[in-house]
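**Student:** Pasting a structure here, questions to come.
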């Protein structure tokens, strides 16, 4: 009996030592996202995203939006500017008639594909508007900012990151889109080598992704399309 008690006592001591080691062992700083469950993110260690919530409701509309703030002024200001402008444009929509299936126009804003690197901050802002049509329409707006200069990345900057010209990107994009969509690639002009077709892009540590919004290259039922290219710098 004494031997059993001794074993138990020894076990308790070992558990206590293990807990102390766990409690006081040094840890790498954690990356945290406040209230942003479901977002895809890659961030420098120690980066914390604060999420700003926007809510407004009247007889004519309802707005619910969430957007990130990184503590990086140039990126934060641009993101807020885009969100504020989009919401203001939505609020200016005509009021739905009394017999409309949707009594209020509804706006939902969210974000995903967050990247915070040593050189670039990039995020996809998703805006969905329901104005009583057959279905809501969702539009992706990308914001990518050079951390060092504070300037928003241009299409030329994105092309430089992948070491390709716009015609090269177009050719490769059409190959990817035909493979993914087949007969659903009904608007190939939406991928022509013009700047506005490739103005929505996201940057991550290893690639640049171009986004084609609803109806740009395919019917609504096919959803948004993406093509990506490996970063070379």
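**Student:** Among the residues of the stretch 118-136, which ones are free of Cβ contacts under 8 Å to residues at least 60 places away in the same chain and part of a loop (DSSP other than H, G, I, E, B)?
**Tutor:** 119, 131, 132, 133, 134, 136, listed by residue number.
**Student:** What number of residues within the stretch 70-104 are out of contact with any helix residue (DSSP H, G or I) (no Cβ under 8 Å at 6 or more places or on another chain) and outside any helix (DSSP H, G or I)?
**Tutor:** Total satisfying the criteria: 15.
**Student:** Same structure again: Mind checking whether some residue in the stretch 194-211 is outside any helix (DSSP H, G or I), more than 18 Å from the chain's Cα centre (by Cα), farther than 29 Å from residue 92 by Cβ and not assigned by TED's automatic domain parsing to the domain that holds residue 91?
**Tutor:** There is no residue in the stretch 194-211 that is outside any helix (DSSP H, G or I), more than 18 Å from the chain's Cα centre (by Cα), farther than 29 Å from residue 92 by Cβ and not assigned by TED's automatic domain parsing to the domain that holds residue 91.
**Student:** Another question, if that's okay. Does the stretch 160-170 contain any residue that is buried (at least 18 other Cβ atoms within 10 Å of the Cβ) and closer than 23 Å to residue 126 by Cα?
**Tutor:** no
**Student:** Sticking with this one: Being farther than 18 Å from residue 140 by Cα and touching a residue at least 40 places away in the same chain (Cβ under 8 Å) narrows it down to one residue among 162, 186; which is it?
**Tutor:** 162
**Student:** Only one residue in 55, 115, 22, 67 is modelled with pLDDT of 95 or more, farther than 28 Å from residue 151 by Cα and not in a loop (DSSP other than H, G, I, E, B), so which one is that?
**Tutor:** None of the others qualify; the one that does is 55.
**Student:** Next question, about the same structure. Report, by residue number, each residue of the stretch 53-79 that is closer than 23 Å to residue 118 by Cα and surrounded by 14 or more Cβ atoms within 10 Å (Cβ to Cβ).
**Tutor:** Answer for the stretch 53-79, where residues must be closer than 23 Å to residue 118 by Cα and surrounded by 14 or more Cβ atoms within 10 Å (Cβ to Cβ): 67, 68, 69, 70, 72, 74, 75, 76, 78, 79.
**Student:** Among the numbered criteria (1) at pLDDT below 95; (2) out of contact with any helix residue (DSSP H, G or I) (no Cβ under 7 Å at 6 or more places or on another chain), which single criterion is violated by residue 202?
**Tutor:** Status for residue 202: all satisfied but (1).
**Student:** Every residue in the stretch 88-109 that is within 14 Å of residue 125 (Cβ to Cβ), crowded, with 18+ Cβ neighbours inside 10 Å and in contact (Cβ under 8 Å) with a residue 40 or more places away in the chain, please.
**Tutor:** 107, 109
**Student:** Could you tell me whether residue 174 is modelled with pLDDT of 95 or more, part of a helix (DSSP H, G or I) and either under 21 Å from the mean Cα position of the chain (by Cα) or over 26 Å from residue 119 (Cβ atoms) (or both)?
**Tutor:** yes
The values are calculated or read from the model by the stated rules, or taken from the named source; none is laboratory data. This is a predicted model, so every value here is computed, not measured. A quick note on method: Cβ atoms are made from the backbone with ideal geometry, for glycine too, and the neighbour counts reach across all protein chains shown.
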